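Every read-out reported here was derived from the displayed coordinates using simple, explicitly stated rules and does not represent laboratory data. Since the model is a prediction, treat every value here as computed from it, not as a measurement. Heads up, the Cβs are rebuilt from the backbone with ideal geometry, glycines too, and the neighbour counts pull from every protein chain shown.
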């Protein structure tokens, strides 16, 4: 019995997640800007900033009661590259064009959250654009208690505010710390003073002797 | 006579009521107690500021950041194979388990799957690091409650497991053994026999701890009914691992999630406990060590022969995309959200570590408990500072 002739499956299908994303999009209505399903992998939706809080409430009522995480992504390419350059050399020209990820986006900063349906491990990643001029979205801390600390961390690391958060104190950094370390334009100082010697990965892979370059082992 | 008796009884009842409502009846001077950052119960440097009224906690505010090392930022300037050396140090007692979800996320983005022998060995080492991690928890638990003996047993028996990990990977605490597409090396000669012996010893250790601690009346009275976390609260805070299963949630990512690891090839049980108190959390962990030794034993029997490395290019470039992979680590759900832009290194990595969520419940949980119970509750929640601060 050869299974090669059964069905010409060019694109793998995932009925469970397709149905689930349809259910979520129907419940959220016009709040959803974009959605994406990677078959047998994961789901992504992007919602409008106005509907951020109600999205959390709706998803919670849809059964996504397990809180995964909240964080942010700075889509700006780092002006310092990967820090492999010689700090004494003149700076290299780098493309600063923003390349957005799954479910698109219009702004430099995006907040991403993950919720999971317990007992099915059907998870959903929710993204929301953060307006550069406002730099704030609504807080989820009244919807998911666990969001409290995650929003504090995101606030100090990215400088994104959360309206309605009870206590946006710094989590890790000293109170008088200036800047937001996880932003791409915040330099990693250790790399600014000395070039990183480890950027070239020289360890040969096991069982890959054919391409060894003269190094007797 | 009888009137006096009644009066006495009434006074007694009133005194009891006053005891129960310390804030109302017995006005005491409030006091702020600072626990840590260098307190032995904090497994590192967690500081807890507790406002007390008498012996009762009015509010508690954990303050972390004494060990923040900025791994999320550092991953952005490393290549994919180099990141494993960093994530080793997140939960330093079960280091190998930290590497696996990151490597799986990178493999998912590349569309690579490790050969089945590599998957088996990964699972064996994953469970060994869980055993090494939780063994120390079980010993440490006694110290928090004033019992000093168990910790010596724990250190003794953890050494056997660490020797195994060292034998296979070369590193006792930071193996850095996982590679995209497989593993660095095959298992050394004699590993299987030695592991069988050690698993037998570890089951003996579990029995010993159960006798010493779990049957102990002091231990029971200090942990039973203390620090109860209901199911829905636990889910809301994103608690995971044994802490969640001790609240009666039958959810284990090893079983419920389809990952290229060998858990579906062995016969094992997910342990839950309905109570949600400190005792339940400790008990679930003890039973999980037993289950882990069973998993390892079976995997030793069933490991297939074959290559340990899939065909991957020498210079690893991960295609554009985003991936989330989480596994059931010794401390709970540990996941990596990896954003790749087709580079040699990740564009952004969000490290979702278990202890961060597990500890974020403490302001809620410590409200109203008595001072000695703070230590018990923190011990039973079981966190590693590196796993909170990252």
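Before moving on, here are some points about what is shown:
- Rel. contact order, % - alpha carbon contacts under 8 angstrom, at least six apart, the range B:178-279: 30 percent
- Going from the fewest other Cβ atoms within 10 Å to the most, the residues B:74, A:173, A:115 appear in the order A:173, B:74, A:115.
- Packing-based ranking, highest mean first, of B:124-134, B:98-108, B:312-322 given that Cβ atoms within 10 Å are counted: B:124-134, B:98-108, B:312-322
- Extending 7 Å from Cα along the Cβ direction at residue A:97 and again at residue B:314 yields two label points whose distance is 3.2 nm.
- Euclidean distance between Cα centres, the range B:335-390 to the range B:229-251, Å: 14 Å
- Helical contribution to [θ] at 222 nm, DSSP H n ≥ 4, -39,500 (n - 2.57), averaged over chain B, rounded to 500: -15000 deg cm²/dmol
- Neighbour-count order for B:333, B:72, fewest beta carbons within 10 angstrom listed first: B:72, B:333
- Remark: spin-label model distance residue B:298-residue A:117 equals 2.7 nm, labels positioned 7 Å along the Cα→Cβ axis.
- Cα centroid separation - the range A:88-147 against the range B:182-217, whole Å: 43 Å
- Peptide B:81-88 has a mean shielding of 1, counted as Cβ atoms of other protein chains within 10 Å of each residue's Cβ.
- Among B:263, B:370, the order by Cβ neighbours within 10 angstrom, fewest to most, reads B:370, B:263.
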